[in-house]
């Protein structure tokens with residue numbers, strides 16, 4: 001395949017003399033820009049993540065899609081209600097908390113495809129916006145909770161590969177490759193196809209199995225720590241005879257649409273939402 005040169009970041013004086021222009025460049029196969037998403041900006045090919053991707057592809061590897069199901073649930077739309085009438089909801093950042101605090105409850109009847117927004121223990125969750133590419137394995141605190149659609153779901157097909165896949169996604173190598181695929185000028189988002197195309201080096205069972213066992217041990221201990229913490233909080237509250245509220249509840253409220261045009265009511269709404 002013929003090689004072409006991608007040129008970017010040309011700098012020099014306003015009236016450059018011959019041989020005085022500094023050019024940052026690299027070379028790549030024409031097929032790299034003739035297929036797929038056809039990225040034409042030179043910056044993408046000059047990032048360290050792109051060079052890592054080429055190195056990984058030079059050794060036995062597979063795409064993440066060949067090893068796991070990678071998908072995103074539909075866009076979440078819901079109505080906030082009180083805890084007595086709703087299902088707990090976690091944002092993407094709350095999922096990474098050691099002891100997540102439920103701050104919002106959503107009315108289940110107003111959430112489309114609500115079953116797709118739950119996760120099962122052992123799934124890998126990857127942030128698709130904000131701090132792109134953070135990964136965590138779902139465990140006890142996430143069960144029975146609506147999880148934000150800002151987290152991509154990765155279901156590893158072979159259970160023995162879970163630890164290695166998780167460790168790879170958390171490595172600086174995978175993060176660099178993932179970040180080189182971000183797009184957009186203001187909000188950076190990671191789409192399922194970006195993660196699906198991520199090349200993953202293949203290793204032997206002597207690596208897969210020990211890593212998976214160690215990761216399972218870590219998350220088993222996390223489960224135990226969570227349940228012990230919840231139990232301790234319940235005992236503490238029972239001994240004191242009080243109900244402990246871990247975080248303020250963010251409940252919604254409603255007003256007539258006509259009232260939104262009344263200045264005094266608008267002021268009350270703004271004050272109440274503080």
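Miscellaneous remarks
- Difference of contour (0.36 nm per residue) and Cα-Cα distance, residue 197 to residue 84: 36.4 nm
- Paramagnetic reach from residue 99 in region 122-142 [backbone N under 17 Å; point 7 Å along Cα→Cβ]: 140-142
- Extent along principal axes [Cα atoms of region 189-244; Å; largest to smallest]: 55, 34, 8
- Remark: the residue 155-residue 58 segment gains 32.3 nm on full extension, using 0.36 nm per residue and subtracting the alpha carbon distance.
- Label zone at residue 233, where the point sits 7 Å out along the Cα-to-Cβ direction: region 136-163 residues whose backbone N lies under 17 Å: 139-146
- Volume in Å³ per residue [convex hull over Cα atoms, computed for region 65-240]: 126 Å³
Read-outs throughout are calculated quantities, based only on the coordinates presented, and are distinct from any laboratory measurement. Owing to the predicted nature of the structure, the values given are computational and were not obtained by experimental measurement. Quick reminder, even Gly has a Cβ in these numbers, built from the backbone with ideal geometry, and neighbours come from all protein chains shown.
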